[in-house]
Amino acid sequence: MKNNKVALVGNMNNNYSAFSRYIRDEGINADLFLLNNDYFHPKQDSFDENWKLNTYTLDWGNIESFKKSTFKKIAADFSNYDFIIACGVAPAFFYKSGITIDIFIPYGADLYSIPKWKIVKPIRQFKRFQIAYYQKKGIKSSHSIFMAPTGGILEKCLNKITPNKIPHKVGVPMLYHKMYDSIEFDNYKNKSDIYHSLIKLKRKNKKIIFHNCRHIWETTDNFYAIKRNDYLFTGFKALLNDMSVETNYHIVTFEYGIDVTASKKLVIDLGLENHVTWLPKSERKDVMIGMSISDIVVGELFHSYFSYGIIYEGLAMKKIIIHKREDHLYNDYYEELYPMLYADSAESIKEQLLYIHKNPDLVQEMSANGHDWFLKHMVKEPLVVFKHLLNKKIS
């Protein structure tokens, strides 16, 4: 198995950058290929230069490159790979090139957006139709699909494309947790503006609520993307108005998302300017520096998504997480769910912040158990299933 070549194509959210590192840790030759329209890059998620050894940038992936010459090149370039893992628009390109991908691991839009026909400029319309058509074909023909449970949201999208295909109920490790225990991680801290900003807060004895969600709550055009960040601010204000308790909480969030301006206005309207720190949109390695010295992580408060980047990050960094998760949607998939605190409103945000304030020892135990859950279900299990499929194919 060590001599077999694995290709991971596409890198949304740096998911495949992380997975490729875990695969290489197993002694398997794995190369990462970035699509020419990928806007996530391994260097944004690395504290050393090792990513350069196995990372390549493709000249295809956008609508202009969906053409005959590209398909011939793909067929030639990937003919010597034994196993192909793909996401994004890659299934469409591979199918048109005559290649069946081994594992499709969707990140979301490659299921609910790319396979849909859309009206675009006339000169691009036919290619857009082709991509949507062949994306469905590529997904349907893939040998296997990895998809962590989403409470039926993405499952419905997958079922419309391929009703008879049952996915493996595992996701993909969205981050490489080993580097956060590294010397490189510690050495990088002094280079990080985020680290210095948060250290100033810690020296003032602030307990940091870390919220690195995109700000999407006033704009509702994309139903799947709504976060309801406003619940955090209004719930925090309600906590401050409760004269029966005094806390030292402070919110740290990012200028990231279509509703940043609306969130900043809300902060001012609520009189929270001195209780909220805004940071510029940042690379994940800097975000993780900030999360490492924070106390509480707040995720999405509208959809009941089970796993997404912030959840993986919080669990990996042993942080208590507040977000919306309706357990009955997921109990059938796991013998136990990772510890977290539920919130889907301003009032429940206030309640959970009070709970954390009053139960520090229990919260610390929950955080440690969450880290163990992450290692078992989000790192080890996907690797076990992947190696089984690889061995099955090459045996």
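The values are calculated or read from the model by the stated rules, or taken from the named source; none is laboratory data. Quantities reported herein were computed from a predicted structural model and do not represent experimental measurements. With ideal geometry, Cβ positions are generated from the backbone for all residues, glycine too; neighbour counts draw on all protein chains shown.
Assorted remarks:
- Some residue of region 149-157 being among the β-branched types (Val, Ile, Thr) and either assigned to a strand (DSSP E or B) or under 21 Å from PHE374 (Cβ atoms) (or both): yes
- Verdict on THR234 being more than 25 Å from GLU283 (Cβ to Cβ) and hydroxyl-bearing (Ser, Thr, Tyr): yes
- When the residues of region 316-345 are filtered to those that are in contact with a Lys or Arg (Cβ under 8 Å, 6 or more places away or on another chain) and closer than 20 Å to PHE233 by Cα, the one that is surrounded by the most Cβ atoms within 10 Å (Cβ to Cβ) is ALA343.
- Residue within region 331-341 that is in contact with a Leu (Cβ under 8 Å, 6 or more places away or on another chain) and not aromatic (Phe, Trp, Tyr) present: yes
- Scanning region 135-168 for residues that are over 19 Å from ALA18 (Cβ atoms), under 18 Å from the mean Cα position of the chain (by Cα) and modelled with pLDDT of 90 or more yields a total of 0.
- In this structure, ILE349 does not satisfy being β-branched (Val, Ile, Thr) and over 24 Å from the mean Cα position of the chain (by Cα).
- Only residues that are touching a strand residue (DSSP E or B) at 6+ places or on another chain (Cβ under 7 Å), over 13 Å from ASP230 (Cβ atoms) and either in contact (Cβ under 8 Å) with a residue 60 or more places away in the chain or not hydroxyl-bearing (Ser, Thr, Tyr) (or both) were counted in region 343-362, giving 4.
- Boolean, LEU175 is within 23 Å of the chain's Cα centre (by Cα) and either among the hydrophobic types (A, V, I, L, M, F, W, C) or modelled with pLDDT of 90 or more (or both): yes
- Enumeration of residues in region 184-202 that are aliphatic (A, V, I, L, M) and closer than 16 Å to SER282 by Cα: ILE194, LEU198
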